[in-house]
1. Filter region 205-232 down to residues that are within 11 Å of the ligand (Cβ to nearest atom) and over 17 Å from Val151 (Cβ atoms), then give me how many there are.
2. More than 16 Å from the ligand (Cβ to nearest atom), within 30 Å of Glu72 (Cβ to Cβ) and acidic (Asp, Glu): is that true of Glu155 in this structure?
3. Name the residues in region 7-46 that are out of contact with any helix residue (DSSP H, G or I) (no Cβ under 8 Å at 6 or more places or on another chain) and either more than 14 Å from the ligand (Cβ to nearest atom) or of a type outside the set (Ser, Thr, Tyr) (or both), would you?
4. Would you pick out the residues in region 256-284 that are polar (S, T, N, Q) and either at pLDDT below 95 or in contact with a His (Cβ under 7 Å, 6 or more places away or on another chain) (or both)?
5. Which of (1) out of contact with any helix residue (DSSP H, G or I) (no Cβ under 7 Å at 6 or more places or on another chain); (2) of a type in the set (Gly, Ala, Ser); (3) surrounded by fewer than 14 Cβ atoms within 10 Å (Cβ to Cβ) does Ala392 not meet, given it meets every other one?
6. Here are some residues: Leu412, Leu372, Leu332. Which one is surrounded by fewer than 21 Cβ atoms within 10 Å (Cβ to Cβ) and either under 19 Å from Ile476 (Cβ atoms) or in contact (Cβ under 8 Å) with a residue 60 or more places away in the chain (or both)?
7. Scan region 122-133 and tell me whether some residue there is assigned to a loop (DSSP other than H, G, I, E, B), within 20 Å of Asn184 (Cα to Cα) and touching a residue at least 12 places away in the same chain (Cβ under 8 Å).
Amino acid sequence: MKQEVIVRFAPSPTGYLHIGGARTAIFNWLYAQKTGGKLILRIEDTDAERSTEDSIQGIIEGLKWLGVTWDEGPYFQTQFIEEHLAAARKLLESGHAYKCFCTIEELKHKRQEALRQKKDLKYDGTCRQLTPDSVAEKEAAGVPYTLRMKVPKGEGAVCFEDIVYGNIEHKYKDIEDFVIVRSNGQPLYLLSNAVDDIRDRITHIIRGQDGLSNTHRQILVYQALGAPVPKFAHMSLTLDPKKAKISKRKHGELVAVHFYKAHGFLPWAFVNFLVLLGWATPESREIFSKEELIEAFSLKGISRANSIFNVKKDDPKYFTDPKAISINAHYLRELPVEEIEPYVRAELEKAGIWDPEYENAKRPWFLETLELIRSRFHVTTDFVERGRAYFADDFPIESRALKKNISKHPQLENWLPMVADRLEGLERFTTAETERVIRETAETLEIKPGVLINGIRTVVTGQLAGPGLFDVLITIGQRRVVERLRRSPALF
Ligand code: GLU
């Protein structure tokens, strides 16, 4: 029988869920889904000073928003400290670790000496040579000690094949006898992480490239504990357009998952965007439904090359990566309108312009309206910003539209109320009828219909551009259109 795949997402709760973490979580989740395996959520909260409850909540909320589901957990690394220490004792007993009584001052001094003499900076192994008697003596005298891994000596090496980066080899002679338990009795991360992965029977460790520098040491822990070594897949970095590593410190909220939630991204669109950062199919396909993505996903598609996240473009139209926006716009446009309905509703509620009738008598109108206006929108917040005039009578008028369509034609002050009177007289307020009235009015006035059409669009929607005007008028409705046209002289 084939072994079940078990993967884990193991964030340290020291800040919000950022796009790098989200990407790692998504890749693990996809791999579990793809293989029918299991995803474990493990919060690595052993850094007491930097871990916060807020961060834990933020990570969990972020994952839920993205739709990343896990099968076990959240477990907390701090729950297992006793286990980590038991493993350390086992390593000590089996001769894979030793007590090191060197003080911080001594170690510092040795390093300085090594630096001065341009020699190897690794721990020199002084305590590895101690006889059992002198160890017992120091212990009896109460000298504090750390536990160090006894890295094998000789010509050998730790070798592993990373699924993304290929064969990697670290010669034993280059590996320091690293500390696994501090002198205050705290296990170190390298140990805890490996012990947790052994306990959880993790088969594949899919994580950020920063884990690559730990891998060979973790493998030594696995081997010394007699545990099978999992497979590793390290994911390349995500950089900003200036090729700097994306970081919370440098890019702040712009790399936080909650920023995208707040700025009108559909969760699946964001997942679809994130997955393309450092992963591709051979045919570079871009849009995937959930089922399609699970079907297409493979660890082989993870790229070694770093990906670029265009945190901010100079183009003022975009407040973040244009690709992220275009993928989101694609989903806003293409999904069955009922699927975007709840997100638009949430925006309208937030803006205080939700009408409960939109889920009752006015639902057909509501859905038709979304259908009409969504094709030009990028994010769900556009529905309450650029689309506000459909749902509320108080809406701002874009200054560009005012300048171009109103101020340039001062006579509209008289013409628009004239159109209002004529539209009010219509018995059947249809696209054909409104179009006829508007074109006839332009003819009477001997002006281009475009002047009226643009002027009407501006005062009725507040926007420079939008869907076909006659459809817009029908959607907004006769009464409101007439009112807005009548009110328009106030703009002059
Ligand atoms: N807790 C580590 C981090 O957040 C993850 C390490 C791992 O996945 O092995 O960077």
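The values are calculated or read from the model by the stated rules, or taken from the named source; none is laboratory data. What you see is a predicted model; the values in this text were computed from it and never measured. We place every Cβ from the backbone using ideal geometry, glycine too, and count neighbours over all the protein chains shown.
1. Here is the first cut: in region 205-232, the residues within 11 Å of the ligand (Cβ to nearest atom) are 205-212, 214-215, 218, 230, 232.
In the following step, the residues that additionally are over 17 Å from Val151 (Cβ atoms) were identified as 205-212, 230, 232.
Counting residues in region 205-232 that are within 11 Å of the ligand (Cβ to nearest atom) and over 17 Å from Val151 (Cβ atoms) gives 10.
2. Values: more than 16 Å from the ligand (Cβ to nearest atom): yes; within 30 Å of Glu72 (Cβ to Cβ): no; acidic (Asp, Glu): yes.
No.
3. Going residue by residue through region 7-46, those that are out of contact with any helix residue (DSSP H, G or I) (no Cβ under 8 Å at 6 or more places or on another chain) are 12, 24, 28-29, 32, 35-36, 40.
Scanning region 7-46 gives Asn28, Trp29, Ala32, Thr35, Gly36, Ile40.
4. Going residue by residue through region 256-284, those that are polar (S, T, N, Q) are 272, 281, 284.
Scanning region 256-284 gives Thr281, Ser284.
5. Exception for Ala392: condition (3).
6. Numbers: Leu412 fails: surrounded by fewer than 21 Cβ atoms within 10 Å (Cβ to Cβ); Leu332 fails: surrounded by fewer than 21 Cβ atoms within 10 Å (Cβ to Cβ).
None of the others qualify; the one that does is Leu372.
7. First, pick out the residues of region 122-133 that are assigned to a loop (DSSP other than H, G, I, E, B): 122-125, 130-131.
Adding the requirement that they be within 20 Å of Asn184 (Cα to Cα) leaves 123.
Next, only the ones that are touching a residue at least 12 places away in the same chain (Cβ under 8 Å) stay: 123.
Taking every residue of region 122-133 in turn, at least one turns out to be assigned to a loop (DSSP other than H, G, I, E, B), within 20 Å of Asn184 (Cα to Cα) and touching a residue at least 12 places away in the same chain (Cβ under 8 Å).
Conditions tested, residue by residue: (1) touching a Phe, Trp or Tyr at 6+ places or on another chain (Cβ under 8 Å); (2) under 27 Å from Gly301 (Cβ atoms); (3) at pLDDT below 95.
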site: Gln3; (1), (2), (3): no, yes, yes
site: Trp29; (1), (2), (3): yes, yes, no
site: Lys38; (1), (2), (3): no, yes, no
site: Gln79; (1), (2), (3): no, no, no
site: His96; (1), (2), (3): no, no, no
